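Read through the structure below, which is laid out as structure tokens, and then see the notes.
The values are calculated or read from the model by the stated rules, or taken from the named source; none is laboratory data. What you see is a predicted model; the values in this text were computed from it and never measured. The protein model used for the area step is the full one, side chains on, heavy atoms only, and it has no ligands, DNA or RNA in it. Shrake-Rupley method; radii C 1.70, N 1.55, O 1.52, S 1.80 Å.
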Amino acid sequence: MIYRVKGELLEKHPDFAVIDTGAVAFRVGISMQSFASLPDIGEKASLYTLMNVREDDISLFGFVTLEEKKLFILLTSISKVGPKMALAILSGLDVKSFEKAVVSGDVVKIKGIPGIGLKTAERIILELKDKFDLVFKTEAKPDDNSEDVVSALCNLGYSRKDAENAVRASYSGDCSFEENLKKALRGLSG
């Protein structure tokens, strides 16, 4: 229904954000990962969204990246994992770390997320282990040097938040480290 919300960030909290699109302000549930990536209040923000409809509640959840949204959808497809638990998982681990934990069967890492017990961690691994390849196409990913580009920008004096935003906006998996760094620098200077 509502694929994306874009506008002025009115409020920013660890579990939700409010974005004014001009005519309507949307309250969107978010993870700590998305919270950390949002700009300052008053600036333009954009979140991919997913609407959850239940008998007694209609909620809108937001994600800075499509990968986070895809993982949220995967998580909520597991029995006894609802939207709140899915957001807790997304808050506890970023998408790549969570994927590595599931694929390697690291129950301890997943169980380390607040609110996740041993049985839930085991169920998550069992149900998602084979689905990551289908949803995220892990074996087809090119070498990802985005974290190296972020690190290089931080070493040049940019804040981690600005560096991550610049890389997110300009990164291409088909480009070399140097090309991605140049594109990110152009984005930061322009």
Hey, what number do you get for the chain at 222 nm if only DSSP H runs of n ≥ 4 count, each worth -39500 (n - 2.57), divided across all residues, to the nearest 500?
-14000 deg cm²/dmol
Of all accessible surface on the chain at a 1.4 Å probe, what whole percent is carbon and sulfur?
54
Across the stretch 57-64, in residue order, what do the Karplus-derived ³J(HN,Hα) couplings come to in whole Hz, using 6.51 cos²θ - 1.76 cosθ + 1.60 with θ = phi - 60° and x for Gly and Pro?
7, 10, 10, 10, 10, x, 9, 5
Can you flag which of K69/K131; K96/K183; K44/K69; K70/K96; K80/K100; K100/K183 are past 18 Å Cα-Cα?
K96/K183; K44/K69; K80/K100; K100/K183
Per residue accessible area in Å² of the chain, where ligands, DNA and RNA are left out and the probe is 1.4 Å:
57
Please list the radius of gyration and Dmax for the stretch 12-118, considering alpha-carbon atoms only, with Å as the unit.
14.3, 46
In Å, the C-alpha Rg and Dmax of the stretch 67-109 are 9.8, 25
Calculate one ³J(HN,Hα) per residue across the stretch 40-49 by plugging θ = phi - 60° into the Karplus curve 6.51 cos²θ - 1.76 cosθ + 1.60, and present them in order as whole Hz with x for glycine and proline.
6, 4, x, 8, 6, 9, 9, 9, 6, 10
Work out from phi, with θ = phi - 60° and the Karplus expression 6.51 cos²θ - 1.76 cosθ + 1.60, the ³J(HN,Hα) of each residue of the stretch 6-13, listed in order in whole Hz, and give x for Gly and Pro.
9, x, 7, 7, 8, 9, 9, 10
Which of (1) 32; (2) 28; (3) 19 gives percent of Cα pairs over 28 Å apart as computed here? It is (1)
